[in-house]
Amino acid sequence: MLTRNVQPSSNPAVVGDTLTLSLSPPTNMKSGSWAVGESLILTWIRDQEAVFPNHTGRASVNVLTGALTLRSVTAADSGVYVVQSSDPQLRANASITVLERISNVTLMAKQTDFVEFNSPAIVACSVSSGSSLSFLWLNGSSEVTAGERVQLTDGNSTLTVINVTRYDRGPFRCRVSNPVSNGTSDPVNLNIIYGPDNMALTVEGSFSVGYNLTMLCSTQSNPPAQLQWAFRGEFANTTGPLLELYGITEDQSGPYSCLAFNNHTNMNSSITSHITITSEFLSEAISASIFLNVFPASLFPWFVSTESPSSGSKQQAVSGPFRCNVSNGVSYETSPPLYLNIIGPSNTTMMITPVVPNHVYRTESNITLSCSALSKPSAIISWMFNGVDMNIYGHWIHLNNVTVSNSGNYTCVSHNTVTSRSRSAHAVIYVLDPLESVEVNNTGGAAIVNESFTLHCDVTGTVDRIQWWRNWHVIIPDNTTIFDMDNKTLTLDPVQHSDAGNYKCQAFNSVSNMTSSPYNVVVIYGPETPTITGPTVGRAGYSVIFSCYASSNPPSLYSWYFNGNPVANTSVYITPPLSEDMSGTYTCKAYNNITDGDSSTYLCFVSEPITEVHVETPLNPPRDHYPYMLTCNVTGPAVHFHWIKNGMELHGDSGHVFQMHNETLTFNPLNRNESGQYKCMALNAVGNMTSPPYELLVNLANTSMFTTDCLSLNMSGEYTCMAYNNVTERNSTTSKMLTVVGKKTQGNRLDNCKSGFFNSGRVTFLNVLIWSVMIKNSTRPINSENFTLTCEVTGPYDTLYWTKNNTRLNVTNPYYHTENNMLHFTAVTTLDDGTYECVATNKAGEHKSPKFMLLVNYGPLKVEISGLYFHPVDLTVSMECSADSRPECDFYWFLDNESSAVIHTGSVITLIATKLSQGNYICVAKNPVTNITMYKTKEYVIGGLMMMGLFALSVPVLFT
């Protein structure tokens, strides 16, 4: 085998350019083929080339050097190009890249509003044009790379941020580049809803009676939180960030709380500050008592309000004000008033911050419990846990980095040492570990079509609920999708093609939720019944190409067999030069090494040409009014036969019956008008051959004198007498013309019925009548091709003319002309559609043919794909293909390229509305009469459409 390299004219090539792939060093090649991947581009043998439909009009080959030329290349032309030849033996390949310049870089987010930690953000980057794309993501000015929370999929064109946070708001940009161009999208901002959290409370002003206090509350929240103030656990009539207190009193001492609520997240948070307001009078009273101790006087009268207290009164029940009147011999002084309150404890309340639903906290959280009570003097606060004294005193208790063991019943006890009274408040706190890991596993085998397949959601941590996702959509159970073990297992029974995709399980508890990494389920199937593409006959000395395809995942392994013997292990089989012993059955077998399934199909192939054709007759002579049969005897394989009489092709009617693919022609019965020259043509894909003419003479009598029956108009014609000598085995013939004239009556018989006889001379009647006029055609009318109508007249006529739509045709029209009894169209078009009549005239008058409707076959002129039409009942979409054509086209659907297997026939195709159905759907419309084929491509993607590509092709017959 020769060693050669493929040398491209440019690599990478630019979309729209012409690309030439040459062999280095140059090599003379008599035959070979070019393919890209597994798709054949063209083949050639000597000076004949055959271009496959997906490259028609764009590909050609230099049949001497094997150089391939591709015009108007597209990005889809990228791939590994392989050239191989059997004369000489060689195989070479090269990887070619075709790049398209980038334009219109666009970012599209499925949604832009998110709740923090609750859902993923998905942003897709796309371009209007461009190939071999590289994607770079930016958040602000920082590059975004894949990580624990960030996924880059679909070739990095899709950015997924798992459980978005407030720091993921953007702006996001996508920068796309390839070796020849680049572009950057407009920014996209995300609205992250979060909070309230990180609260702060500041107090400004004096804590003394009579002064003013201002409290400012702040929190982090989007949208801004609603703020509500509370005092001693009860809501105050104040909202907003500011709480202002004017002329404060001691009664306003206590816990002040700011509560924040976000009506989008439905979350709340709070912060509490304990404020103690003191009286200046107390310090002055103490100073006075100290002064009195230093300067004793003789009299210390006490007054409550304006009265002096009785010596036996209960002082602790009196609130005051108390005054002390001090005097001596030279002066008199009264102290400022002193108020004395001895109450409580009452209104003992406990607050827990941060505020969370049901007091369920995540481990490692910091929790503050605060206790307040209305008491004079201030109550002593002690704490208990699950009924056991904690030996902790004070208004606050801080639980830092809590664990599960901190769960329990907390009680605060307030005690007034003067009144000896106690009150308590309690609350139950729950501490849970967050989920540590969530993973999807499969303990069974692969997902094989029509078998059962189970996925398990393995969770580390306490879980309340599990939810499954497939391709970003929540999975709803149905008769083939089954959940078990509180949704921890998902069973597909049976597996279907549509079950392929990325599966995730999401686990929830009260303090966290976690989603697993995607588990890609690849559905294994096939192989389905293979399809063989290739000829059924071939010419000796030439190679032919068979291509086999069977839908399968993983892709099928292929084997070729000739009459049961292996000949190749590839999907494409190129035969050696054909010989007659290579006719037989070629079988393609496809095998899937995972399902252990196989499927096969076969093609009967003949490589023999037709070598001889002649017309064979039965032993009995052809007699008028008796059945008779002609047989086309062929040496070699024939697919079809045509019969020709006097140069005109015969068609089946009540008098002519074709059998065995037209191999036999039966006259039932034979009549004298069937006399003439008959030929048969045998055809196969290799070629055709026509027999020598056979002269059929209908035998009317076996005597020296022939007397006709009562004459009828159809008895006009040439009568031949043959004399035969049995000894010499020689014969001689002579002929006479008989013209039957007269007035036609019912049954085509003549008035005053007469008989004629032949001995010598001629029989003639006057006033000739035409018996019948018929319009016939030997070919089908195809737009822009030549077409002929023939007027067959039974009986003598003088002139003949044609009418269209009851109007006589103008014989000077350049687009048609008459010749003898024929009307020639050069060439026929749809403008020639109409009703035609042939009118034959003689001295007896005019005779019109039955009306002949001419409808010219054309097209397809254009092909359209309409849709997509969504059907919500069965979650399918449909597309409809239509073509301007006469007759109606046959429609074939392909996915991604025309060389693939036909996935559907008919004008309407229905798809399951899943991502697996995405792709370029190609409708091939073929006119069965004109043999013209046109293609239309429509891309189906979830959430969008793209129209692309229109190609037309007249399909040639190869190697004829």
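The values are calculated or read from the model by the stated rules, or taken from the named source; none is laboratory data. Keep in mind that what you see is a predicted model, and the values were worked out from it rather than measured. Here the Cβ is made from the backbone with ideal geometry for all residues, glycine too, and neighbour counts use every protein chain on show.
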Reported set for the stretch 202-226 where residues are out of contact with any helix residue (DSSP H, G or I) (no Cβ under 9 Å at 6 or more places or on another chain), crowded, with 19+ Cβ neighbours inside 10 Å and in a strand (DSSP E or B) is Met215, Cys217, Thr219, Ser221
Scanning the stretch 492-514 for residues that are among the β-branched types (Val, Ile, Thr) and modelled with pLDDT under 90 gives Val511
Val402 passes all but one of the listed conditions (1) in a strand (DSSP E or B); (2) surrounded by 16 or more Cβ atoms within 10 Å (Cβ to Cβ); the exception is number (1)
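Hey, among Tyr591, Tyr525, which residue is surrounded by fewer than 19 Cβ atoms within 10 Å (Cβ to Cβ) and touching a residue at least 24 places away in the same chain (Cβ under 8 Å)? Step through it out loud before you land on a result.
Values: Tyr525 fails: surrounded by fewer than 19 Cβ atoms within 10 Å (Cβ to Cβ).
Unique residue meeting the criteria: Tyr591.
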Only unsatisfied item for Thr411, checking (1) surrounded by 12 or more Cβ atoms within 10 Å (Cβ to Cβ); (2) out of contact with any Ser or Thr (no Cβ under 7 Å at 6 or more places or on another chain); (3) under 12 Å from Ile429 (Cβ atoms), is (2)
Next on the checklist: Within the stretch 655-678, does at least one residue satisfy the condition of being at pLDDT 90 or above, in a strand (DSSP E or B) and crowded, with 18+ Cβ neighbours inside 10 Å?
Outcome noted: yes
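Restricting to the stretch 510-521, and then to whatever is out of contact with any Cys (no Cβ under 9 Å at 6 or more places or on another chain) and hydroxyl-bearing (Ser, Thr, Tyr), can you tell me which residue is nearest to Val360 (Cα to Cα)?
We begin by selecting, within the stretch 510-521, every residue out of contact with any Cys (no Cβ under 9 Å at 6 or more places or on another chain); these are 510-514, 517-518, 520-521.
With the extra rule that they be hydroxyl-bearing (Ser, Thr, Tyr), the set shrinks to 510, 512, 517.
On the way: Ser510: 7, Ser512: 11, Ser517: 27 Å.
Out of the qualifying residues, it is Ser510.
Has the stretch 486-509 got at least one residue that is out of contact with any Cys (no Cβ under 6 Å at 6 or more places or on another chain) and closer than 30 Å to Glu608 by Cα? Talk me through it step by step, then tell me what you get.
At the first step, the residues of the stretch 486-509 found to be out of contact with any Cys (no Cβ under 6 Å at 6 or more places or on another chain) are 486-487, 489-504, 506-509.
Then drop every residue that is not closer than 30 Å to Glu608 by Cα, which leaves none.
No; the residues of the stretch 486-509 include none that is out of contact with any Cys (no Cβ under 6 Å at 6 or more places or on another chain) and closer than 30 Å to Glu608 by Cα.
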**OP:** Tell me, please, whether a residue that is of a type outside the set (Gly, Ala, Ser), within 16 Å of Asn513 (Cβ to Cβ) and out of contact with any strand residue (DSSP E or B) (no Cβ under 7 Å at 6 or more places or on another chain) can be found in the stretch 414-423.
**Re:** no
Pairs returned, first residue in the stretch 235-249 that is within 19 Å of Ala260 (Cβ to Cβ), second residue that is among the acidic types (Asp, Glu), beta-carbon separation under 9 angstrom, 6 or more apart or interchain, are Thr238/Glu244
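Out of Val440, Val356, Val431, Val360, report the one residue that is closer than 27 Å to Thr462 by Cα, in contact with a Phe, Trp or Tyr (Cβ under 6 Å, 6 or more places away or on another chain) and at pLDDT below 90. I'd like the intermediate steps shown before the answer.
Working: Val440 fails: at pLDDT below 90; Val356 fails: in contact with a Phe, Trp or Tyr (Cβ under 6 Å, 6 or more places away or on another chain); Val431 fails: at pLDDT below 90.
That would be Val360, the only listed residue that is closer than 27 Å to Thr462 by Cα, in contact with a Phe, Trp or Tyr (Cβ under 6 Å, 6 or more places away or on another chain) and at pLDDT below 90.
I'd like to know if the stretch 137-146 contains one or more residues that are in contact (Cβ under 8 Å) with a residue 24 or more places away in the chain and either assigned by TED's automatic domain parsing to the domain that holds Thr249 or within 28 Å of the chain's Cα centre (by Cα) (or both).
Filtering the stretch 137-146 for residues in contact (Cβ under 8 Å) with a residue 24 or more places away in the chain gives 137-140, 144.
Among the residues that remain, those that are also either assigned by TED's automatic domain parsing to the domain that holds Thr249 or within 28 Å of the chain's Cα centre (by Cα) (or both) are: 137.
Yes, some residue in the stretch 137-146 is in contact (Cβ under 8 Å) with a residue 24 or more places away in the chain and either assigned by TED's automatic domain parsing to the domain that holds Thr249 or within 28 Å of the chain's Cα centre (by Cα) (or both).
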If you go through Arg71, Arg101, the only one that is out of contact with any helix residue (DSSP H, G or I) (no Cβ under 8 Å at 6 or more places or on another chain), within 30 Å of Ser177 (Cβ to Cβ), basic (Lys, Arg) and modelled with pLDDT of 90 or more is Arg71
The strands (runs of 3 or more DSSP E) lying entirely within the stretch 551-643 that contain at least 3 residues which are at pLDDT 80 or above are 557-562, 565-568, 572-574, 584-591, 612-616, 628-635
Of the residues in the stretch 917-960, those that are among the small types (Gly, Ala, Ser) and either at pLDDT below 50 or surrounded by fewer than 21 Cβ atoms within 10 Å (Cβ to Cβ) (or both) come to Ser917, Gly919, Gly943, Gly944, Gly949, Ala952, Ser954
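What residue, of Gly394, Gly408, is touching a Cys at 6+ places or on another chain (Cβ under 9 Å) and either at positive phi or among the β-branched types (Val, Ile, Thr) (or both)? Talk me through it step by step, then tell me what you get.
Values: Gly408 fails: touching a Cys at 6+ places or on another chain (Cβ under 9 Å).
Gly394 is the lone residue from the list that is touching a Cys at 6+ places or on another chain (Cβ under 9 Å) and either at positive phi or among the β-branched types (Val, Ile, Thr) (or both).
For every residue, the table says whether it meets (1) surrounded by fewer than 20 Cβ atoms within 10 Å (Cβ to Cβ); (2) touching a strand residue (DSSP E or B) at 6+ places or on another chain (Cβ under 9 Å); (3) closer than 30 Å to Pro555 by Cβ; (4) among the acidic types (Asp, Glu).
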| site | (1), (2), (3), (4) |
| --- | --- |
| Gln48 | yes, no, no, no |
| Phe52 | no, yes, yes, no |
| Leu68 | no, yes, yes, no |
| Asn118 | yes, yes, no, no |
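For the stretch 697-706, state whether one or more residues are in contact (Cβ under 8 Å) with a residue 24 or more places away in the chain, touching a Phe, Trp or Tyr at 6+ places or on another chain (Cβ under 8 Å) and surrounded by 14 or more Cβ atoms within 10 Å (Cβ to Cβ).
Yes, the stretch 697-706 has at least one match.
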Lys915 vs (1) more than 27 Å from the chain's Cα centre (by Cα); (2) basic (Lys, Arg); (3) not assigned by TED's automatic domain parsing to the domain that holds Tyr797: all pass except (1)
Exactly one of Ala124, Ala94 is part of a strand (DSSP E or B), in contact (Cβ under 8 Å) with a residue 12 or more places away in the chain and within 30 Å of Thr43 (Cβ to Cβ), and that one is Ala94
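Check Arg175, Arg149 and return the single one that is out of contact with any Lys or Arg (no Cβ under 8 Å at 6 or more places or on another chain), over 16 Å from Thr106 (Cα atoms) and of a type outside the set (Ser, Thr, Tyr). So that I can check it myself, show each step before the final result.
Values: Arg175 fails: over 16 Å from Thr106 (Cα atoms).
Being out of contact with any Lys or Arg (no Cβ under 8 Å at 6 or more places or on another chain), over 16 Å from Thr106 (Cα atoms) and of a type outside the set (Ser, Thr, Tyr) holds for just one of Arg175, Arg149, which is Arg149.
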When Arg169 is run through (1) farther than 30 Å from Val356 by Cα; (2) over 30 Å from the mean Cα position of the chain (by Cα), the failure sits at (1)
By residue number, the members of the stretch 428-479 that are in a strand (DSSP E or B), of a type in the set (Gly, Ala, Ser) and surrounded by 13 or more Cβ atoms within 10 Å (Cβ to Cβ) are Ala447
Subset of the stretch 209-259, residues more than 60 Å from the chain's Cα centre (by Cα) and among the β-branched types (Val, Ile, Thr), comes to Val209, Thr214, Ile248, Thr249
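Within the stretch 6-65, count every residue that is among the hydroxyl-bearing types (Ser, Thr, Tyr), part of a loop (DSSP other than H, G, I, E, B) and in contact (Cβ under 8 Å) with a residue 24 or more places away in the chain.
Initial filter on the stretch 6-65 (among the hydroxyl-bearing types (Ser, Thr, Tyr)): 9-10, 18, 20, 22, 24, 27, 31, 33, 39, 43, 56, 60, 65.
From what's left, part of a loop (DSSP other than H, G, I, E, B): 9-10, 18, 27, 56, 65.
After this cut, where a residue has to be in contact (Cβ under 8 Å) with a residue 24 or more places away in the chain as well, the list is 18, 27, 56, 65.
Number of matching residues: 4.
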How many residues of the stretch 513-545 are within 22 Å of Leu683 (Cα to Cα) and of a type in the set (Phe, Trp, Tyr)? The answer is 1
Residues of the stretch 184-201 being out of contact with any His (no Cβ under 7 Å at 6 or more places or on another chain), among the hydrophobic types (A, V, I, L, M, F, W, C) and in a strand (DSSP E or B), in sequence order, are Val188, Ile192, Met199, Ala200, Leu201
Every listed condition ((1) surrounded by fewer than 14 Cβ atoms within 10 Å (Cβ to Cβ); (2) at pLDDT below 85; (3) assigned to a loop (DSSP other than H, G, I, E, B)) holds for Tyr724 save (3)
